[in-house]
Amino acid sequence: MTIHITDFARKRHTAKAYAPRRISEEDMAQVRELLRFSPSSTNLQPWHFVIAETEEGKARVAKAAAEKFPFNVPSIKAASHVIVFASRIEADEDYLQRVLENEEEAGRFAGNPEEFKPAMHKGRSMFVDIHQKQIGDGTQWMAHQVYLNLGQFLLGVATLGIDATPMEGIDTAVLDEEFGLREKGYASLFVVPIGYADPEADYNMALPKARLPEAEIITTV
């Protein structure tokens, strides 16, 4: 039987309740790789992740939902793991050089380092300057890259049989303070509990998907 990537896209859902089952260490290693290997504009990788894997860690994340979004607390505490997605506040020259050095270490400029390395830095710096200095939406632009990561992440964990709940119903100021994110140059955006849905308590698991028809959302020219 042939399995298509769209099979996972159709099957995955936003879990509303979790069973008390842990994700294996082997699968968590792949989860971490999904976070690392997401695409981003100019390979900027403007993200940081906090993975809560203990009851104490999940309780710390849950503080960000307790006051304004208490309905999200049960999923945060019951999930196997909870991931905090954060975005860089600013891409300064030190950070750009760090990314460039990492690319060089990976061998991306091996063919002609004298030409390719400065060209990559110039091109990436151009886009960063457009957003941070000209348009003035640098923080939002980098946050968009984190949402790109989320899209790949949700589909990727689905292929592992792992359920997920992308969750913006959290107080990001509480998360930033709890994990000292702004001191590190980042700001939290959302959290994603992951684990295995409770088939009895997760009402969303049995509901059919509802998507607008192809003819309405796709124009072919």
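The values are calculated or read from the model by the stated rules, or taken from the named source; none is laboratory data. It should be emphasised that the depicted structure is a prediction, and the values quoted were computed from it without experimental measurement. Every residue, glycine among them, receives a Cβ derived from its backbone with ideal geometry; neighbour counts consider all protein chains shown. Ligands, DNA and RNA are stripped out before the accessible areas are found, and what is left, the full protein with its side chains, is counted by its heavy atoms. Shrake-Rupley method; radii C 1.70, N 1.55, O 1.52, S 1.80 Å.
Do you know which residues across segment 39-53 are β-branched (Val, Ile, Thr), part of a strand (DSSP E or B) and open to solvent by less than 40 Å² (accessible area, probe 1.4 Å)? Hit for segment 39-53 is Val50, nothing else. Considering segment 190-221, the residues that are without any contact (Cβ under 8 Å) to a residue 40 or more places away in the chain, in a loop (DSSP other than H, G, I, E, B) and among the aliphatic types (A, V, I, L, M) include one that is most open to solvent (accessible area, probe 1.4 Å), namely Val221.
Scanning segment 55-80 for residues that are under 19 Å from Ala164 (Cβ atoms), surrounded by fewer than 22 Cβ atoms within 10 Å (Cβ to Cβ) and not small (Gly, Ala, Ser) returns Lys58, Phe69, Phe71, Asn72, Val73, Pro74, Lys77. Taking the condition open to solvent by 50 Å² or more (accessible area, probe 1.4 Å), more than 17 Å from Val31 (Cα to Cα) and among the hydroxyl-bearing types (Ser, Thr, Tyr), does Thr159 pass? Spelling it out, it is not the case that Thr159 is open to solvent by 50 Å² or more (accessible area, probe 1.4 Å), more than 17 Å from Val31 (Cα to Cα) and among the hydroxyl-bearing types (Ser, Thr, Tyr).
Here Phe109 clears all of (1) surrounded by fewer than 12 Cβ atoms within 10 Å (Cβ to Cβ); (2) over 25 Å from the mean Cα position of the chain (by Cα); (3) over 29 Å from Phe190 (Cβ atoms) except the condition numbered (1). Look at (1) in contact (Cβ under 8 Å) with a residue 12 or more places away in the chain; (2) part of a helix (DSSP H, G or I); (3) under 23 Å from the mean Cα position of the chain (by Cα) and you find that Gln140 fails only one, number (1).
Could you please find all residues in segment 162-175 being part of a helix (DSSP H, G or I) and surrounded by 20 or more Cβ atoms within 10 Å (Cβ to Cβ)?
Leu175 - this is the single residue of segment 162-175 that is part of a helix (DSSP H, G or I) and surrounded by 20 or more Cβ atoms within 10 Å (Cβ to Cβ).
Scanning segment 126-155 for residues being surrounded by fewer than 16 Cβ atoms within 10 Å (Cβ to Cβ) and over 30 Å from Val82 (Cβ atoms) gives a total of 8. Just to be sure, is Glu178 at pLDDT 95 or above, over 30 Å from Asp7 (Cβ atoms) and open to solvent by 70 Å² or more (accessible area, probe 1.4 Å)? Taking the combined requirement at face value, the residue does not satisfy it.
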